[in-house]
Amino acid sequence: MTVSAATRKKSDSLRDQIRHHNYRYHALDDPEIPDAEYDRLMRDLQDLESEYPELVSPDSPTQRVGDTPISAFGTVQHELPMLSLGNAFTEAELHDFHRRVLDRLDLSADADMVYAAEPKLDGAAVSLLYENGLLVRGATRGDGTTGEDITHNVRTIESIPLRLLGAGYPRRLEVRGEVFMPKAGFDAYNKKARKAGEKTFVNPRNAAAGSLRQLDPKLTARRPLDMFAYSVGIAEGGKSLPDRHSEIIDQLQEWGVKVCPERRVVRGVSGCLDFYASLGERRDGLAYEIDGVVYKVDSLAMQNELGFVSRAPRWAIAHKFPAQEELTEVEAIEFQVGRTGAVTPVARLKPVFVGGVTVSNATLHNIDELHRKDVRVGDTVIVRRAGDVIPEVVRVIPQRRPKGARRVELPGECPVCGSHVERGEGETVARCTGGLFCAAQRAEALKHFVSRRALDVEGLGAKLIEQLVTTARLKTPADIFRLRREDLEELERMGEKSADNLIRSIEASKATTLARFLFALGIREVGEATAGGLAAHYGRLEKLVTASEDELQGIQDIGPVVAARIRAFFDEEHNLNVIARLREYGVEWPEFDPTGTKKDGKLSGKTFVLTGTLPNLTRDQAKDLIQAAGGKVTGSVSKKTDYLVAGAKAGSKLANAEKFDVAVLNEGDLRSLVEK
Ligand code: IVH
């Protein structure tokens, strides 16, 4: 079948559009169209090409993944050697480098030296040869002189153009850069591999290098690889390239090659250090791994003058970040109880300097992770500390496992309080069931207990609670109501007056509502709304304490998980003890008997408005009280309002109530209305 001119034109146009969108998406990271639209263009081209196979050309965007695996890698002789970089680990070493550059160039110590600063990418170096704008060969660095031919694989990387865009590129152009696996792709790949019981990658660098060395391009195509170009090798024929490194990189980008956006032209050592510090801070937030910064003398004329020493250029240096991974030994594996009761295995390590600090503990996340990694006491492991992230054990070096290295199991009892350790079905996290009883969970539980929407103890902040917990003055919430002025005065930064105030607000917090009280208990999964629902449904604590899971599940919005948590909480003897003591010390709330559902609560169908300051109840408490009895609270007085509850300093609402002939209640009236 002959291809009409119109069809050929259509396929050319589709290819141009796809190349343009590839460029926007990959090189510029700024797509113009949604993915679905791109997919449609691609499908149209595929359809056209399968109908007219003579339209297919090797640089067509449909031709990335070849059909047939190769049987062995061919070799590639690099016409210009692929060099490595010298390293600087300290500022002093960077100063030395700078001084050597200036000396060689015969410049004075205060000369204005311009460097191109860019991230040192952690992947695998590749050489991409373009002839007349077409990608004809991809190669690994190999030993710098001889690499492997990986054309079939680099073609599968979508950010590598099969054809350069625009015009003016050299007839032969060798683009050099780093192929890498972005962090997200690496994590996702490993997660999938782990699920399928397949081999995982140790780090993104190995992932990139390993993926490039596949005989079957279909395998490479499935790996989430990306590339940034960082230099040019051969450049022959056509216009000459710019005479500054930074401008060459900009030019590559215009030709559709992806380059790293984190590049900067800086001056002198101080400029280099600023860049190093700023990139170091942002390192963890980057989408890809970097292990340092590369500074390159920006002027190509100067680069030529400086030349090379052994296999590294004199005009560039890699300023490394502190290593994020190191080897050390596991001295013990212990279980830590977090503030929420999560029981987490922690490796106690022989101290090691990693990520810029000395690390002697590393998290093992959870018991499944511990067993999956098969970490045992005595093992030599790789620890990783990335930025401010908690150090973790990455993996064991099995070859270094000593005889009798001990496996560790999840303890049945909490190492802090001895309560039962529980792990819900399908859950990875094991938890101590000790709740308020467990010292590890105390501070957090207490902070919640006194918080504004719970018992609302004004002036009892996080810092104070920490102090009171560490000095053992506070063990359970009930202890709050036993605090004496003397206990408080002994604390840091606590004067007589603030101690007095605190005692007063503790006293005031005793008058609460059942909803607040339930919320304050910090029962897992019982938030404010659930607590409110429970209070309205039961009216009295005793009824709730004895409710079965089945019964609880009958309440609106309470499912099996929440019902089980509530039951488990009230099944713990020490939780009941704490509650009993709280009531003994005077914590109280209005109880009522909701006859049936909320629909026929005592205040059902009645609309209330609150105004002014009530003597004992806060606005929230009064609201809870009304709602618990089935009443409704609204913001402004109207004809439809049944009652205005007014306290001191009532304002315009009181006037409105008179206008609309609405009954006005005080706090006492409200209480008797609810309780009668
Ligand atoms: S320039 C002549 N720039 O580091 C300079 N290399 O140790 C050699 N690398 O094999 C390359 N990021 O794979 C340069 N921004 C960057 C780089 C970079 C990573 C790798 C590259 C090379 C190795 C040299």
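Every read-out reported here was derived from the displayed coordinates using simple, explicitly stated rules and does not represent laboratory data. Computed from a predicted model, the values in this text were never measured in an experiment. Don't worry about glycine lacking a Cβ; one is built from the backbone with ideal geometry, like all the others, and counts go over all protein chains shown.
Estimated from the Cβ-Cβ distance and a Förster radius of 56 angstrom, the FRET efficiency linking GLU91 and GLU549 is about 0.30. For the stretch 162-217, the set of GluC sites (Glu not before Pro) satisfying both a DSSP loop assignment and a count of at most 12 other C-beta atoms within 10 Å is given as GLU198. Projecting the Cα atoms of LEU300, SER310, VAL202 onto the charge dipole of the stretch 200-311, computed from C-beta unit charges around the Cα centre, puts VAL202 farthest toward the positive end.
Roughly how many whole Å is it from the C-alpha centroid of the stretch 408-440 to that of the stretch 643-671? Centre-to-centre (Cα) distance: 51 Å.
Farthest towards the positive end of the charge dipole of the chain, among the residues THR530, VAL416, GLY338, is the Cα of THR530, using unit charges on the Cβ of Lys, Arg, Asp and Glu. If one computes the Cα centroid of the stretch 320-390 and of the stretch 131-197, what distance in Å separates the two points? The distance from the Cα centre of the stretch 320-390 to that of the stretch 131-197 comes to 35 Å. Close amide H partners of GLU413, meaning residues 5 or more places away or on another chain with modelled amide H under 5 Å apart, are VAL421. Taking the Cα centre of the stretch 295-421 as origin and assigning +1 to Lys and Arg Cβ atoms and -1 to Asp and Glu Cβ atoms, the resulting dipole is close to 400 debye. Computed over all pairs of different Cα atoms, the Kirkwood value for the hydrodynamic radius of the stretch 177-277 is 16.3 Å.
Radius of gyration over Kirkwood radius for the stretch 1-92, both on Cα atoms: the Rg/Rh ratio is 1.19. Separation of the alpha carbons by more than 19 angstrom is noted, of LYS623/LYS659; LYS606/LYS653; LYS9/LYS258; LYS447/LYS497, for LYS623/LYS659; LYS9/LYS258; LYS447/LYS497. In the chain, if the dipole is taken from +1 on Lys/Arg beta carbons and -1 on Asp/Glu beta carbons about the Cα centre, which of ALA88, PHE437, LEU544 is farthest to the positive end? About the Cα centre, the residue reaching furthest to the positive side is LEU544.
What is the antiparallel percent of DSSP beta bridges lying wholly in the chain, to the nearest 5? In the chain, DSSP labels about 80 percent of beta bridges as antiparallel.
A viscosity of 1.002 mPa s and a temperature of 20 °C, combined with the Kirkwood radius over Cα pairs in Stokes-Einstein, give a translational diffusion coefficient for the stretch 393-542 of 118 µm²/s. Charges were assigned to the Cβ only: +1 to each Lys and Arg, -1 to each Asp and Glu. The resulting dipole of the chain about its Cα centre is roughly 720 debye. With +1 on each Lys and Arg Cβ and -1 on each Asp and Glu Cβ, how big is the dipole of the stretch 573-674 about its Cα centre, in debye rounded to the nearest 20? Dipole of the stretch 573-674, to the nearest 20 debye: 480 debye. Restricting the stretch 224-297 to trypsin sites (Lys or Arg not before Pro) that sit in a DSSP loop and have at most 11 other Cβ atoms within 10 Å of their own Cβ leaves LYS239. Across every direction, the projection of the convex hull enclosing the Cα atoms of the stretch 369-446 has a mean area of 7.1 nm².
Binning all Cα-Cα separations of the stretch 307-363 at 5 Å, short to long from zero, yields these whole-percent fractions: 4, 16, 16, 13, 11, 11, 7, 6, 6, 4, 4, 2, 0. Looking at the stretch 90-177, the trypsin sites (Lys or Arg not before Pro) that sit in a DSSP loop and have at most 13 other Cβ atoms within 10 Å of their own Cβ are ARG171. Histogrammed with a bin width of 10 Å, the alpha carbon distances of the stretch 338-408 distribute as 20, 52, 26, 3 percent, first bin at zero.
One compactness figure for the chain is 1.34, namely its Cα radius of gyration divided by 2.2 N^0.38 Å.
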